[in-house]
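Encoded as structure tokens, the structure appears first; notes follow it.
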Amino acid sequence: MKKSVFLFLIFLSIVLLCRASILEVHATNETVFFEDDFEKYDVGTFPYDGGWELWFAGRGSEYQVIVDSVSNSPTRSLQLLGHHDYSAAYAAKPFATEAPRIGFEVNVRVEEIGVGIGEIDVARAGFSELAPRGRVHVWAGVLFLSNGSICIGGARNWPVLQSYVADRWYKVKLIMDRPSETYSVWIDDVSKGENLDVTTSAGDIKANPSFEIKVFSLSQNYNSVRVYYDDVKVFQVFELNPRLELIPTTGLAATTVVGSGFAPNSRITITWNGTTMPTVPSPLLTNVYGNFTAIISVLDQATAGAYILKAVDGIGTEATATFTVIPEFPIWIILPSFIIATFSLIVLKKRQRTGRQSGRIGYDATSSDFFQCMLARALDPPHRKPCLM
Ligand SMILES: [Ca+2]
């Protein structure tokens, strides 16, 4: 009995380890554009050094600062404070990408709820752009309303995700699929919605697609409530499905290598039977979709056979394809062609010569010797004597 329990525990441990490994592999399928825990800035300053911009100063720039009185990790966070309904406090960090799937994480803490009008947001985090006349367009922004609700959306009548309380950190995560204009959202790592339609405060989503996103922004909008942000991460999400195609798959000189399903914006290394080989272009990088195209020259032109080409990206994702080296013109084609061509050349020259001299067509001993000489050279490469007409 004890032995069976012991074996069961070992089996359970193996299963859990495998599951952990799978989750770990899955978690690596993202590229971080930037992350910030606000620890490297001086207290009382705005994090300009980290690339953050202060779009609007709310109650005053002296309130839009790093603080060490409240933090999610380990000692500092960013405080924002607006000025009633007159002026919001906005911190924004630009990032330029055409990546199809982008996401963000941020921890949010609101000092008070139930202050002022309840149906408007005191905290707002999301992908956005600065529009003319001091407006900010947000795509699927996550909103903390003054009535204690966490909502989402770029327009009014937002769907409610859950309630929240004051003076508590909430971890918000959102991943947006821009080609389909959908997103999924989590609060404290619990899913609150999948494949929801992206809406935007810019207006109709078709006229204002999420590919217009230029920044990630944090703000304190209404009711003048201190809001704290910490541990920001903005990233790209991708799925690995590496494939390699060669065009052509056989030949002698060169081939085009077409890869897909690799890590986006990642450096690709091509090997030929294990030997790293030059590529055109160089360096070779995948695009935002994880695709690439390159031209390579065949390394072993002298030895016919099958060779393994392997492409590996910066995180170790790899795919292989086989290239077969064959002479462009096999000997069984070259030799008869050579004989026929030589014979035809002799005949032609003979005709020209005899035609010029007497108008008669025929052979002589000299041309026959030349033909035999050329045939001997073709069949016996070491035979290097010149063949004379
Ligand atoms: Ca921190």
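The values are calculated or read from the model by the stated rules, or taken from the named source; none is laboratory data. Here the structure is a predicted model, which means the values were calculated and not measured. Glycine gets a Cβ as well: all are built from the backbone with ideal geometry, and neighbour counts include every protein chain shown.
The table that follows gives values for the structure above.
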read-out: Residue within segment 198-216 that is of a type in the set (A, V, I, L, M, F, W, C), within 16 Å of the ligand (Cβ to nearest atom) and under 23 Å from the mean Cα position of the chain (by Cα) present; value: no
read-out: Filter result for the condition that a residue is over 14 Å from S217 (Cα atoms) and either more than 16 Å from the ligand (Cβ to nearest atom) or modelled with pLDDT under 95 (or both), over H137, H83; value: H83
read-out: Those residues of segment 162-187 which are loosely packed, with under 13 Cβ neighbours inside 10 Å and at positive phi, in sequence order; value: D167
read-out: K214 surrounded by fewer than 19 Cβ atoms within 10 Å (Cβ to Cβ), basic (K, R) and over 26 Å from V70 (Cα atoms); value: yes
